[in-house]
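What follows is a set of notes on a single structure, which appears directly below.
The values are calculated or read from the model by the stated rules, or taken from the named source; none is laboratory data. As the structure is a computational prediction, the values presented were derived from the model and not from experiment. Heads up, the Cβs are rebuilt from the backbone with ideal geometry, glycines too, and the neighbour counts pull from every protein chain shown.
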Amino acid sequence: MPPAAATPLKKRSARKAATAESMAAMQREISVSEFFAKNRHLLGFDNPRKAVLTTVKEAVDNALDACEEAGILPEISVQMLQLDETRFKITVQDNGPGILRKQIENIFGKLLYGSKFHRLKMSRGQQGIGISAAGMYGLMTTGKPVKIISKTGKRKPSHEVVLKIDTSKNRAEVVSDTEHPEDDKFFAEGHGTIVTIELEGKYQKGRQSIDEYLEQTAIANPHATFTWTGPTNETVVYPRAMDELPAEAKEIKPHPKGIELGTLIQMLERTDPKSVSAFLQDEFSRVGQRKASELIKLADKKTSKTITPRTRISTMGHDEAEALYKAIQDTSIMAPPTDCLVPIGSRALLAGLLKELQAEFFAAATRPPAVYRGNPFQMEVAIAFGGNLPRDDSARVLRFANRVPLLYQQSACSSFKAILETGWKNYGLQQPRSSLPTGPLVIMVHMASVWVPFTSESKEAIADYDEIRKEMRLALQECGRKLGTYLRRRQKMKKEAERRSVFERYIGEIATACHNITGTDARALFVALKKIAARKTEEADQKLDQDGKVLDTRDPLEKDDDVIILHERSADGDDDADVLFEDDIPARKLPRRGSKAAKRTTTRKKKTSRKR
Amino acid sequence: MAKKKTSKKAAKKATKTSAGRRAGRKGPVSRKRDAETIASIENLADSVTKDGLKGRDPSVNIPLRTVSNMNWNKRKRILEMGDATQIRELFNVGQARKFMQTLLLAKGCKDLIEAQKTLSLRGMYYMSLHTIEGTKEKTFNEQTESDTVLEDLEVGLGGLREELHVFAKKRGTMVGNITVEDSGDEIDCRRMGTGGYAIPSICEPSVLQFKKCDAKFVLHVEKDTVWSRFNEDRFWEKHNCILTEGSGQPPRGVRRLLHRLNKELRLPVYCLLDCDPWGHYIYSVIKQGSINLAFESERMAIPDAKFMGIRADDYDRCDLSADVRIALNDRDVTRARQIADYPWFKDKRPWQKEIKKLLSNGFKMEVESLITKDISYVTEVYVPERLKAKDFLD
């Protein structure tokens, strides 16, 4: 819902006899900024802890969007300094393209200003509220303005601007403006932006913390490097796992089926083309000349007024618009193009999970694009299982929308419902009635769309459209099946190993007994019997796999691109060497430089077969 | 897991009939027979070795000792074992342990034979008991495990337990008009005091020979208490017989001894047992042989044995007090019906009548119940009457 619609709020005066005049004196316009200043919870500033997270989140989302759009592999560092018990200073630096000096006030000082609202393009931000709202919150709680340093190129000077938001006017006020010389040392790559906001807040680790947000962002953005320095002065680096930027998302025009009558009227008012036919073809996707004529013909029948392809837009009134709207509803129109969607991709999903989670099994599924309310979207699901994940808890759900982690309101989210209605028991997991499956499981759900339907402006949960939930479920089932196959196989392998050990236990005794009876060579017999035991258990392995069909020796799962299995992490394959290796890298703390991290990932990747 | 049918026959094969009876050896079995047993044990180990080295599944064929693999030989009037065998495989999770135990016991038996010594079942269990190297598992968890495997080995090798130099715990007592020689010691069974001669577990001719016998028949009673009554009353002296007792279901030694008394000395065998399905079954085992040892029936069963009592109509006939009645429980009833259904009871009218009467009475009676009439009623009235009237169930 565009927040503009919420603007005309009227205040009621008290019981005392008020006149229309006295009331009129109190009635005045409310600026967006004022509205949100009072309703900060709508934007995710409900409490001090969440405010801190939202601030980081908005800044990081903007940084990632900017970097990707400019084709730069993102390197983002987040720093949080504790000034006193409840006051923090948050600094987010990126290596993006920078911001032109004249745009700085608009971007950071004005609510609802941005490049993303008016177009249908997949991006993290949507409304253009985020970062300015964070600045506003900081100003309101500490009185301190926002500081922005930005540089657009090596040969350009960097600008350091300090801004205050004037809430009543929804406008920024420049406190100071410093131009630094070209050879300043703010940005190693010669471009980027640094935002510093001081605010009242609270820092606490654990669920819904900045740490969790960055960890999940790193999973969904394996092409980015994040450096996080918290108030305790510990530095954590989330290194990038791949050097490819995601493909650039294409912008699309709205699909006729996705708009409502009011929007249609608005579009008619704003449009440049003069004729209805041109309007339909220019403003919508999937409407060509023929489809436009078809729509107009049908619309003509639905109203007493005449509409022809040449009818001028300016002459069209409400009746004609409504007729056109009805015509759109009654005509079948090709689904919107889906090349506007850039899913994370199974490979990148796996890479992201692999580097952040100590699990033994990973699987990913990317659904083909689908459409809800005329908006194309695409669902992706990845799961991680086993390894060092906690065994007795219920599954952890990581939700993402356009690569942004969603940390709050899990149970209100469509994805949560989709997970509940998936029958995890079929895949060898436990699932108490109408709740999450339990076990060492992480489920990641990502929705990519040109317009993600959030349940609120603070972007915390995906609205529950049937089409969306269905796609989620299908993707979950796909991953679930892979996990089920793996678990069944693992169980069988365990059984086989047990069988083998039973045989091997007795072989020695038998060889000795035979030796004692006939004087045969006990050692030779022992070796021969052991060989048979090995062959026997291997044979049974094949026979038992997949409904008793004999399969080739290669593991069907490991040939699949969307599955990674790390045997050394499996519960029974835990040998000492592996444990030591894992200990070697204590919980990702301190200066683990890229090289070492990269080495670790490549060695792991060797065991995963992924040719594409 | 599917059982693999290997046509390959494992360890084989030895003669089943009893050994030659030559005197003058140290061990319980003749040298010749010992050599044969050792050969069949070596055969067993050999076939396992050959299979193993050639990459085949080692297996041992063991004749099935079940009701289904048991035939009633109407002509010989004994139970015989059928041809069905079970294949015990090493590479079968359910059988691997037993396979190992079979070979361990085979090895133990060979050692015993070579040392010309015998051991009890329990001794055998200890002989092969050790912890498997590299594990915490013992080769045998309890004696019953080794007992059943030993029985398997016995039928598998086609030899007898005695021939493997293994014996069971002694059970059963004898007294009467006979002199025997047990491992060279002459024993006069007329002078055994109150305890009687303990019937050894191995009663093969190589151990036990009959010397002088004046007795005209054998009276076998179910248990020790009744036997003591007869012995104290010097029943065997008065009636010129041999008095035996098998402590319930008679062990092999007792059965073998009865068989030999019957076959070699041509003495009729009469049984005095409780009036209940269990008593009837003891009679059945003595007469026809048991299911478990069907392969030895020829050497154990006494088809001519007769059932003297107690019978269901004795309650009325002897006018016993109501106190001696022990109500039949459900198991008794089922068992009684089963026994009535056995082919060797099926076409015997008197037996059908007897079991019917037992069931319609609804109670069982022990031999001791006759004591309610008089302490020596059984020895002075009941048995003499029956003997005189030749009133037996066949």
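Here is the figure for the range B:158-175: residues that are on the phi > 0 side of the Ramachandran plot and either in a helix (DSSP H, G or I) or among the small types (G, A, S) (or both) total 2.
Criterion applied to A:I462, A:I517 was being of a type in the set (A, V, I, L, M) and in contact (Cβ under 8 Å) with a residue 24 or more places away in the chain, and the one residue passing it is A:I462.
Selection of the range A:194-224 for residues being closer than 13 Å to A:F400 by Cα and of a type in the set (A, V, I, L, M, F, W, C) yields A:L214, A:A218, A:I219, A:A220. What do you reckon, is A:R505 under 19 Å from B:A96 (Cα atoms) and touching a residue at least 40 places away in the same chain (Cβ under 8 Å)? No, not satisfied. For the structure I just gave you, tell me whether B:T15 is at pLDDT below 85 and either within 14 Å of another protein chain (Cβ to nearest Cβ) or surrounded by fewer than 18 Cβ atoms within 10 Å (Cβ to Cβ) (or both). Yes, satisfied. Entry remark, the range B:151-200: residues being closer than 30 Å to B:T102 by Cα, basic (K, R) and touching an Asp or Glu at 6+ places or on another chain (Cβ under 8 Å) number 1 in total. Whether any residue in the range A:44-60 is of a type in the set (D, E) and in contact with a strand residue (DSSP E or B) (Cβ under 7 Å, 6 or more places away or on another chain) is what I want to check. The answer is no, given that none of the residues of the range A:44-60 is of a type in the set (D, E) and in contact with a strand residue (DSSP E or B) (Cβ under 7 Å, 6 or more places away or on another chain).
This table checks each residue for (1) assigned by TED's automatic domain parsing to the domain that holds B:L370; (2) out of contact with any Gly (no Cβ under 6 Å at 6 or more places or on another chain); (3) acidic (D, E); (4) under 27 Å from B:E385 (Cβ atoms).
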| residue | (1), (2), (3), (4) |
| --- | --- |
| B:G246 | yes, no, no, yes |
| B:R255 | yes, yes, no, no |
| B:H259 | yes, yes, no, no |
| B:P277 | yes, yes, no, yes |
| B:H280 | yes, yes, no, yes |
| B:Y283 | yes, yes, no, yes |
| B:A294 | yes, yes, no, no |
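Go through the residues of the range A:87-108 one by one and say whether even a single one is in contact with a Leu (Cβ under 9 Å, 6 or more places away or on another chain), assigned to a helix (DSSP H, G or I) and either among the hydrophobic types (A, V, I, L, M, F, W, C) or crowded, with 21+ Cβ neighbours inside 10 Å (or both). Taking every residue of the range A:87-108 in turn, at least one turns out to be in contact with a Leu (Cβ under 9 Å, 6 or more places away or on another chain), assigned to a helix (DSSP H, G or I) and either among the hydrophobic types (A, V, I, L, M, F, W, C) or crowded, with 21+ Cβ neighbours inside 10 Å (or both). Taking the range B:109-132, which residues are in contact with a helix residue (DSSP H, G or I) (Cβ under 7 Å, 6 or more places away or on another chain), within 12 Å of chain A (Cβ to nearest Cβ) and part of a helix (DSSP H, G or I)? Listed by number, the residues that qualify are B:C109, B:K110, B:I113. Filtering the range A:479-528 to residues that are at the interface with chain B (Cβ under 7 Å from one of its Cβ atoms) and either under 60 Å from the mean Cα position of the chain (by Cα) or at positive phi (or both) leaves A:R499, A:V502, A:F503, A:R505, A:Y506, A:G508, A:E509, A:A528.
Scanning the range B:66-77 for residues that are in contact with a strand residue (DSSP E or B) (Cβ under 7 Å, 6 or more places away or on another chain) and either farther than 16 Å from B:D152 by Cα or not in a helix (DSSP H, G or I) (or both) turns up B:M70, B:N71, B:W72, B:N73.
Within the range A:510-532, is there a residue that is out of contact with any Leu (no Cβ under 8 Å at 6 or more places or on another chain), crowded, with 17+ Cβ neighbours inside 10 Å and outside any helix (DSSP H, G or I)? Checked the range A:510-532: at least one residue is out of contact with any Leu (no Cβ under 8 Å at 6 or more places or on another chain), crowded, with 17+ Cβ neighbours inside 10 Å and outside any helix (DSSP H, G or I).
Contact map, the range B:42-57: residues that are more than 7 Å from chain A (Cβ to nearest Cβ) and farther than 15 Å from A:Y506 by Cβ paired with residues that are at pLDDT 90 or above and assigned to a helix (DSSP H, G or I), Cβ distance under 6 Å, separation 6+ or inter-chain. Pairs shown: B:L44/B:A106. When the residues of the range A:303-340 are filtered to those that are acidic (D, E) and at pLDDT 85 or above, the one that is surrounded by the most Cβ atoms within 10 Å (Cβ to Cβ) is A:E320. Of all the residues in the range A:179-199, those that are in a strand (DSSP E or B), over 19 Å from A:S33 (Cα atoms) and modelled with pLDDT of 90 or more number 5.
Consider B:E80 carefully, then state whether it is touching a strand residue (DSSP E or B) at 6+ places or on another chain (Cβ under 8 Å) and within 12 Å of chain A (Cβ to nearest Cβ). Answer is no for this residue. For the condition closer than 30 Å to B:N240 by Cα and surrounded by 21 or more Cβ atoms within 10 Å (Cβ to Cβ), B:H220 qualifies. Would you check if B:T139 is at pLDDT 90 or above, under 30 Å from B:L44 (Cβ atoms) and among the β-branched types (V, I, T)? Criteria met by B:T139. Yes or no: the range B:84-97 includes at least one residue that is within 12 Å of B:V149 (Cβ to Cβ), within 12 Å of chain A (Cβ to nearest Cβ) and assigned to a helix (DSSP H, G or I). Yes, the range B:84-97 has at least one match. Among residues that are outside any strand (DSSP E or B) and closer than 21 Å to A:N221 by Cβ, A:K417 is not included. Out of A:D211, A:D243, A:D300, A:D282, report the one residue that is modelled with pLDDT of 85 or more, under 30 Å from A:A66 (Cα atoms), out of contact with any strand residue (DSSP E or B) (no Cβ under 8 Å at 6 or more places or on another chain) and assigned to a helix (DSSP H, G or I). On inspection, the qualifying residue turns out to be A:D282. Just one of the listed residues (B:T135, B:T148, B:T144, B:T102) is within 14 Å of chain A (Cβ to nearest Cβ) and assigned to a helix (DSSP H, G or I), and it is B:T102.
Hey, does the range A:246-256 have a residue that's part of a helix (DSSP H, G or I), touching a residue at least 40 places away in the same chain (Cβ under 8 Å) and of a type outside the set (A, V, I, L, M)?
As a first pass, look at the range A:246-256 and keep what is part of a helix (DSSP H, G or I): A:256.
Pick out the ones that are also touching a residue at least 40 places away in the same chain (Cβ under 8 Å) and you get A:256.
After this cut, where a residue has to be of a type outside the set (A, V, I, L, M) as well, the list is A:256.
Within the range A:246-256, one or more residues are part of a helix (DSSP H, G or I), touching a residue at least 40 places away in the same chain (Cβ under 8 Å) and of a type outside the set (A, V, I, L, M).
Taking the range A:1-24 on its own, how many of its residues are surrounded by 11 or more Cβ atoms within 10 Å (Cβ to Cβ), outside any loop (DSSP other than H, G, I, E, B) and at pLDDT 70 or above? Number satisfying all stated conditions: 2.
Taking every residue in the range A:263-282 that is buried (at least 16 other Cβ atoms within 10 Å of the Cβ) and pairing it with any residue that is at pLDDT 85 or above and not in a helix (DSSP H, G or I), at least 6 positions away or on another chain, the pairs with Cβ-Cβ distances below 6 Å are A:S275/A:R310; A:V276/A:T311; A:S277/A:P309; A:L280/A:V287; A:Q281/A:V287.
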